[in-house]
Amino acid sequence: MGEIDNRGLAQARLLFLDGSHAKPKFVFHEFSQPDAAAHDYGPHHEGARAALDETDARIGHILRTLESVGCFEDTLFVITT
């Protein structure tokens, strides 16, 4: 189920790690796995909780990427559910 989110994570990280272009000024990214899991299993099912945990880890990857390229302190994060 998380294959789409894994690809999206790789693309989002590449935006900041690829030195062939300037770092973006604005990025919108959606992780679809938590919503899909809640629809498939129900919002209180362990499958929905696992999807949230996996998405939390993906967000951590993005935050570490931004920190590694020096963008973390100058970035506004808006995370909604």
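Table: residues versus (1) surrounded by 13 or more Cβ atoms within 10 Å (Cβ to Cβ); (2) of a type in the set (V, I, T); (3) touching a helix residue (DSSP H, G or I) at 6+ places or on another chain (Cβ under 8 Å).
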position	(1), (2), (3)
I4	yes, yes, yes
L14	no, no, no
K25	no, no, no
A37	yes, no, yes
H44	no, no, no
A48	yes, no, yes
A57	no, no, no
E73	no, no, no
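Please list, ordered by first then second residue, the pairs with beta carbon atoms under 7 Å, 6 or more apart or interchain, first in the range 28-43 and closer than 14 Å to T81 by Cβ, second in a loop (DSSP other than H, G, I, E, B) and not basic (K, R).
Q33/M1; Q33/G2; A36/M1; A37/M1
Residues checked against (1) more than 16 Å from L9 (Cβ to Cβ); (2) out of contact with any strand residue (DSSP E or B) (no Cβ under 9 Å at 6 or more places or on another chain); (3) modelled with pLDDT under 95:
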site	(1), (2), (3)
H39	yes, yes, no
G42	yes, yes, no
E46	yes, yes, no
D53	no, yes, no
A57	no, yes, no
S68	no, yes, no
D74	yes, yes, yes
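The values are calculated or read from the model by the stated rules, or taken from the named source; none is laboratory data. Every value quoted in this text rests on a predicted model; they were computed, and no experiment measured them. Quick reminder, even Gly has a Cβ in these numbers, built from the backbone with ideal geometry, and neighbours come from all protein chains shown.
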